[in-house]
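Presented below is the structure to which this report refers.
The values are calculated or read from the model by the stated rules, or taken from the named source; none is laboratory data. Here the structure is a predicted model, which is why all the values come from computation and not from measurement. Because the Cβ atoms are built from the backbone with ideal geometry, glycine has one as well, and the counts that use them run over all protein chains shown. Calculation scope for accessible area: heavy atoms of the full protein, side chains included, ligands and nucleic acids excluded. Shrake-Rupley method; radii C 1.70, N 1.55, O 1.52, S 1.80 Å.
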Amino acid sequence: MSRPHPLTSAAHAIALRLPPETAHRLAVRGLGLLPVPLAAPDDPRLAVKAFGLDFPNPLGLAAGFDKNGEAVDAILRLGFGFVEAGTVTPLPQPGNSRPRIFRLPRDSAIINRLGFNSLGHAFAHEQLAARRGRGGLVAVNLGANKESGDRVMDYVEGVKAFADVADFFVINISSPNTPGLRDLQNQSALNVLLANVFAAREMAPRRVPIVVKIAPDLTLDELDGIVEVCKSCRVDGLAISNTTLSRPENLADYQIAAQQGGLSGRPLFHLSTWLLAHAFLRVEGAFPLIGIGGVENAATALAKIEAGADLVELYSAFIYKGIGIAADIKRGLLARLTNAGVDNLAALRGRHAQEWAAGRMSNAQLHAEI
């Protein structure tokens with residue numbers, strides 16, 4: 001019988017009483033330094049093929065938790081099908097001033113205005129290179145320095161720096177906490193960015209898939225422009241979505257919600273899933289999609305898949321529910337496959353995209369699941 005991990009049960013409860021950034025740093029260091037029991041092998045029914053890669057299951061830990069690639073192996077051992085390290089910027093930068101992470105516990109949500117705090121390409125590459133050959137799929141989420149004179153070149157340098165250690169790249173042009181970054185989602189700016197990123201990939205020693213991560217606060221016209229560019233550039237995938245600047249009127253922790261920054265967790269679920277469904281209908285199978293935002297149990301994970309996602313990522317629920325969440329979600333997904341009478345998740349992908357896009361789906365029951 002394996003020894004209980006130090007970050008379980010009582011330790012997790014204590015962590016939630018610490019200041020958010022302190023708890024975050026301790027969790028990353030704890031996972032990176034302490035032995036984590038290996039999760040059981042995944043049921044083949046959970047396997048997903050995307051970006052030319054074979055994922056053992058569709059569940060990934062989103063960028064923002066392991067910003068510098070310090071705990072990748074431990075996270076994978078918890079049962080995640082992949083992990084997204086980053087966001088990583090070319091040069092080290094401290095990010096915005098503290099406090100910059102705020103919990104909304106009654107809403108199962110988090111607000112952050114970290115601002116791409118990063119130890120830089122060199123440090124993150126050292127961490128990822130040290131685990132070369134250990135297996136497991138790792139994405140590197142690339143960003144730009146706040147004071148950069150050429151943000152396009154920051155992404156190009158990221159492709160060059162991590163081409164030997166990344167299984168796929170996520171081009172993060174959607175964080176709300178770096179002024180002007182979301183302007184890169186503009187159709188003409190995105191065209192220039194992707195042309196340069198793809199040119200850099202052609203010069204790299206190996207072909208690494210490129211996924212573009214977009215904001216949930218887009219209009220459908222803006223989404224049309226992004227999809228058009230992504231199709232014409234033949235990106236490998238689209239990740240939907242980053243955090244939102246919007247604030248739903250029914251937030252229980254409304255005073256904390258006044259903090260500036262991106263909102264993630266349960267309140268983001270409906271908006272991000274609505275946008276995901278619209279993207280699925282527009283992409284028309286040209287490339288896979290990653291669904292992100294408000295995933296906290298098997299029901300919400302499956303809803304993302306039914307709205308059009310091939311893969312699903314979470315972050316906020318990992319903070320609130322602890323390190324057993326991947327195993328819990330996978331058990332629930334298997335039960336749903338059995339109930340649906342299908343042998344794989346691909347059979348359910350996009351089956352409710354029309355309903356989500358039309359606003360006919362409710363998320364109340366999805367989050368009520370124990």
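Annotations
- Straight-distance candidates among the aspartates and glutamates for linking to residue 146, with alpha-carbon spacing under 12 Å and chain neighbours fewer than 8 residues away dropped: 154.
- Linear extension gain, residue 34 paired with residue 202, 0.36 nm per residue minus alpha-carbon span: 56.6 nm
- For segment 290-353, with all protein chains in place and a probe radius of 1.4 Å, 50% of the accessible heavy-atom surface sits on carbon or sulfur.
- Remark: segment 253-315 carries a charge dipole of roughly 100 debye about the Cα centre, counting +1 on each Lys and Arg Cβ and -1 on each Asp and Glu Cβ.
- Surface analysis of the chain yields an accessible area of 42 Å² per residue, using protein heavy atoms and a 1.4 Å probe.
- Between residue 331 and residue 188, the C-beta separation translates, for a Förster distance of 41 Å, into a calculated FRET efficiency of about 0.35.
- Partners for residue 49 among lysines (Cα-Cα distance below 30 Å; same-chain residues under 8 apart left out): 67, 160, 213, 231, 304, 321, 330
- Bridge orientation summary for segment 138-283: considering DSSP beta bridges with both residues in this region, about 10 percent are antiparallel.
- Computed [θ] at 222 nm, helices only, for the chain once each DSSP H run of length n ≥ 4 contributes -39500 (n - 2.57): -11000 deg cm²/dmol
- The separation of segment 258-283 from segment 301-368, counted between C-alpha centres, amounts to 15 Å.
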